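Engineer: Before anything else, here's the structure in question.
The values are calculated or read from the model by the stated rules, or taken from the named source; none is laboratory data. Treat the numbers as computed from the prediction; the structure is a model and nothing was measured. Cβ: placed from backbone, ideal geometry, glycine included. Neighbour counts: every protein chain shown.
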Amino acid sequence: MATIKQAAETIKNGGLVIFPTDTVYILAVDPTNQKAVDKLIAFKDRWPGKAISVAVDGVKMADKYVRLNERIVDLMANLLPGPFTLVIDGKHKMAKGVEAENGTLGIRIPDNQTVMELVETVGGPVTATSANLSGRTPHYSVESLMKTLSQKKKNMIDLVVDAGILPKNKPSTVIDLTMPEIKILRRGDLIIGNSKTLISKSERETEKIGEYLLKKTLTPTLSLYRARAIVIGLSGDLGCGKTVFSRAIGKYLGVEGKITSPTFVIMNEYKTLPPSPSLDRAGVKKFLHFDLYRITTEQELEEIGFLNQFKENTISCIEWPEMMGKENLEKLKKKVNYIPVNFRYVDEITREIEF
């Protein structure tokens, strides 16, 4: 497989690269190079005026190309990295054809280490538009992409980075931030309600949200992780998806076998085997799943040594954390990295998840 260094050199030299991301395969070129952008547009048969999203490595790089304000920076901090494209007013520093006709630019910070390394190696943004002809479906494998291309199109590709078949995630959710009210332009796997809420309309979407929030939780806390456990407190009405969320966390951590609700036993403990390469660095060894719904006295918590359960190398989900009482909750917060998540019932199929 071609290396990141080879891909970066190809892009810096004005080439067109097929590259894998956290969602689909993309067409990566230097968005400040007019010849490279013209080549990309010709490859996709894209009509003029339709924006091309770009991947950056953080807020500092984004600030060079789009107009940020406190609201947008706050939203970026909450949502990114992740499967979102944020449409923001541009500073017109890209090649012609990258910004939309109205001067906006789509910004991505993918939850993908390989893409981030590519951007860092290039030393600037790269385009992140899906690797498909305009109007066609995105591709999760190089093989399926190549089947749709004429020889002329294939000859336009300078390098292919083939990571095999990618997970069947939808392309990123596109969010327009140019107006005071957030507007969803394209629905992906995750949909936001505002800067601190995600919307779920199915168990699968709740699972996706669980995986996404866990990865966001681990990324900034890797350096602290070995010293302090991570605890996710799940509050909300019955039937809002707290157990579905907890099962998704356990599954992502590599728990083998079925994760059952601990309603009658208060706590279930699972080994996180086999560990995934990315999480192995964090030293995750155990997943603890608590359900405190039936707790009526502090003695019940003392019988299981509740506050002593949260050792290093553990991640825990606690359903109904409010049932432990304010004093125990404050004690817990002092010894762990505590992340509150609140579930709100919107209607029969819709849940709002605040983080």
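Engineer: Among the residues of region 122-159, write down those that are over 23 Å from G97 (Cβ atoms) and touching a residue at least 60 places away in the same chain (Cβ under 8 Å). Don't jump to the end; show me each part of the working.
Structural biologist: Quick first cut of region 122-159, residues over 23 Å from G97 (Cβ atoms) only: 140-144, 146-147, 151.
Across region 122-159, the qualifying residues are Y140, S141, V142.
Engineer: Mind telling me which of the residues Y338, Y345 ends up being under 22 Å from the mean Cα position of the chain (by Cα) and either within 14 Å of I232 (Cα to Cα) or in the same structural domain as F264 (by TED's automatic domain parsing) (or both)?
Structural biologist: Only one candidate passes the filter, namely Y338.
Engineer: Could you grab the pairs with beta carbons closer than 6 Å, sequence gap of 6+ or different chains, first residue in region 336-355 and touching a residue at least 40 places away in the same chain (Cβ under 8 Å) and surrounded by fewer than 17 Cβ atoms within 10 Å (Cβ to Cβ), second one part of a strand (DSSP E or B) and of a type in the set (S, T, N, Q)?
Structural biologist: Filtered contacts from region 336-355: N342/S235; E354/T197; E354/N342.
Engineer: Okay, next question. From the list E322, E330, E352, E312, pick out the single residue that is out of contact with any His (no Cβ under 8 Å at 6 or more places or on another chain) and assigned to a strand (DSSP E or B).
Structural biologist: E352
Engineer: Of these, K91, K60, which one is more than 18 Å from I41 (Cβ to Cβ), over 23 Å from the mean Cα position of the chain (by Cα) and charged (D, E, K, R)?
Structural biologist: Just a single option satisfies the conditions, and that option is K91.
Engineer: Something else about it: Considering only residues that are among the acidic types (D, E) and not in a helix (DSSP H, G or I), which ones fall in region 1-36?
Structural biologist: Residues satisfying the conditions are D22, D30.
Engineer: Taking only region 37-70 into account, find how many residues are out of contact with any Lys or Arg (no Cβ under 6 Å at 6 or more places or on another chain), of a type in the set (G, A, S) and outside any helix (DSSP H, G or I).
Structural biologist: So the answer is 3.
Engineer: Using the structure shown, decide if V66 is in the same structural domain as I157 (by TED's automatic domain parsing), buried (at least 22 other Cβ atoms within 10 Å of the Cβ), within 19 Å of the chain's Cα centre (by Cα) and modelled with pLDDT of 90 or more.
Structural biologist: In short, no.
Engineer: Here is a further query. Working only within region 71-102, note down all residues that are surrounded by fewer than 15 Cβ atoms within 10 Å (Cβ to Cβ), part of a loop (DSSP other than H, G, I, E, B) and not charged (D, E, K, R).
Structural biologist: Passing the criteria: H92, N102.
Yes/no matrix, rows are residues, columns are (1) in a strand (DSSP E or B); (2) out of contact with any His (no Cβ under 7 Å at 6 or more places or on another chain); (3) loosely packed, with under 13 Cβ neighbours inside 10 Å; (4) not assigned by TED's automatic domain parsing to the domain that holds I349:
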| position | (1), (2), (3), (4) |
| --- | --- |
| N132 | no, no, no, yes |
| L145 | no, no, no, yes |
| G164 | no, yes, yes, yes |
| K170 | no, yes, no, yes |
| E181 | no, yes, yes, yes |
| D189 | no, yes, no, yes |
| T206 | no, yes, no, no |
